Amino acid sequence: MSSTVAFIGLGHMGAPMAANLVKAGHRVLGFDLVPDLLAASAAAGVEPATSAADAAAEADVVITMLPAGRHVLGLYHEQGLLAAARPGTLFVDCSTIDVADARTAHEAVVAAGHRALDAPVSGGVVGAEAATLTFMVGGGAEEFAVAESLLAAMGKKAVHCGAAGAGQAAKICNNMILAVSMIGVSEAFVLAESLGLDRQALYDVASTASGQCWALTVNCPVPGPVPSSPANHDYRPGFAAPLMAKDLGLAANALRAGGVDAPLGYKAAELYAAFAEGEGADLDFSAILRTLRPQNGTPA
Ligand code: NAD
């Protein structure tokens, strides 16, 4: 069944996601603060709205794809999205935001007489363009059932993770695993170099032994063993280090809020924050390996 969707935030991720909804036969009213982005999405069949509230007023479903929690909460409140929408509208926030903000957003949506899901994504711009994203969804089962066909138009998988905020929780837990494992894999390659162990030999062993993980077999941080990994392409992202740093910051907030002692998670957040602010600003997150070498900075 075709829906009318208000899509707010037509950036790197939002633009291709909105375009895929159009391709699937939905009416999409789009809005972004940047006029050029609105024009680019219009070329893909998204109807430009004059404001986010105007788009929401006509929609069955409002999807947001914004930088951070303050943008989502700002739109819901100051920019009048909740007030403009018809009663019972489904608000699906696909941005990656703090778990606490996601829960606050759910409460605000429900208090205004609407329905809410948090549905952050994994898969990056490539996944957004190819409609192969994975959605991690928090909220009620009925709301999830309503959103499923829309999520299917933008991704290959949607996992209902639990109640409000569970999608965001799953996202930061997954990315904390990814960051820690990428650092671990990188340290192992650096150790191998210092021991004179060939990187391909380490790869051949670890990729079929207990060291096997995505950071090794898909996004291998040294050039050679996995031709498609960013390490073979000057560390062009892929998954950019600043995005990893952002997600680890959210994980660290949640660790602190819950009083959870996760020494590796905190350390990974610290390392990626420094890397993203420095040489990693435009690089794939696997390039962290360069900072872990004794002669810090030598290209792989
Ligand atoms: P982006 O900066 O390219 O896009 C965000 C867009 O939101 C911008 O175009 C901005 O103008 C717009 N915006 C901000 N405030 C607005 C408002 N009040 N009204 C309308 N538009 C507004 O960011 P992105 O890379 O598309 O990421 C979006 C979200 O997806 C982030 O939360 C990010 O963490 C998450 N994410 C990104 C990736 C990725 O690879 N880029 C992967 C997974 C998740």
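The values are calculated or read from the model by the stated rules, or taken from the named source; none is laboratory data. Note that this is a predicted model, so its numbers are computed, not measured. Cβ placement follows ideal geometry from the backbone for every residue including glycine, while neighbour counts extend to all protein chains displayed.
For segment 93-103, which residues satisfy the criterion of being surrounded by fewer than 24 Cβ atoms within 10 Å (Cβ to Cβ) and within 16 Å of the ligand (Cβ to nearest atom)? Within segment 93-103, Asp98, Ala100, Asp101 qualify. The set of residues in segment 120-160 being in contact with a His (Cβ under 6 Å, 6 or more places away or on another chain) and modelled with pLDDT under 95 consists of Val125 alone.
Do we find that Leu73 is in contact with a Lys or Arg (Cβ under 7 Å, 6 or more places away or on another chain), closer than 26 Å to Val159 by Cβ and of a type in the set (A, V, I, L, M) in this structure?
No.
Listed by first and then second residue, the pairs linking a residue in segment 272-290 that is more than 10 Å from Met244 (Cα to Cα) to a residue that is at pLDDT below 95 and hydrophobic (A, V, I, L, M, F, W, C), with Cβ atoms under 7 Å apart and 6 or more places separating them unless they lie on different chains, are Leu289/Ala300; Arg290/Ala300. Of all residues in segment 13-47, those being under 21 Å from the mean Cα position of the chain (by Cα), crowded, with 19+ Cβ neighbours inside 10 Å and not in a helix (DSSP H, G or I) number 4. Apart from one condition, Leu255 fits all of (1) out of contact with any Asp or Glu (no Cβ under 9 Å at 6 or more places or on another chain); (2) away from the ligand (no atom under 15 Å from the Cβ); (3) not in a loop (DSSP other than H, G, I, E, B); the exception is (1).
Within segment 9-36, the set of residues being under 20 Å from Gly123 (Cβ atoms) and within 12 Å of the ligand (Cβ to nearest atom) comprises Gly9, Leu10, Gly11, His12, Met13, Gly14, Ala15, Pro16, Met17, Ala18. When Gly74 is tested against (1) more than 23 Å from the chain's Cα centre (by Cα); (2) assigned to a helix (DSSP H, G or I); (3) free of Cβ contacts under 8 Å to residues at least 12 places away in the same chain, just one condition goes unmet, and that condition is (1).
Within segment 104-159, count every residue that is acidic (Asp, Glu), buried (at least 18 other Cβ atoms within 10 Å of the Cβ) and within 21 Å of Ser2 (Cβ to Cβ). The total comes to 1. With respect to the conditions (1) out of contact with any strand residue (DSSP E or B) (no Cβ under 6 Å at 6 or more places or on another chain); (2) closer than 17 Å to Val109 by Cα; (3) not polar (S, T, N, Q), Val72 falls short on a single one, namely (1). Do we have any residue at all in segment 125-137 that's within 16 Å of the ligand (Cβ to nearest atom), within 28 Å of Met17 (Cβ to Cβ), assigned by TED's automatic domain parsing to the domain that holds Ala251 and out of contact with any helix residue (DSSP H, G or I) (no Cβ under 9 Å at 6 or more places or on another chain)? The answer is no; no qualifying residue exists. Take Asp261 and tell me if it is of a type in the set (D, E, K, R) and either in a helix (DSSP H, G or I) or away from the ligand (no atom under 16 Å from the Cβ) (or both). The answer is yes for Asp261.
Residues that are within 16 Å of the ligand (Cβ to nearest atom), touching a residue at least 12 places away in the same chain (Cβ under 8 Å) and in contact with an Asp or Glu (Cβ under 8 Å, 6 or more places away or on another chain) do occur in segment 218-225, at least one of them.
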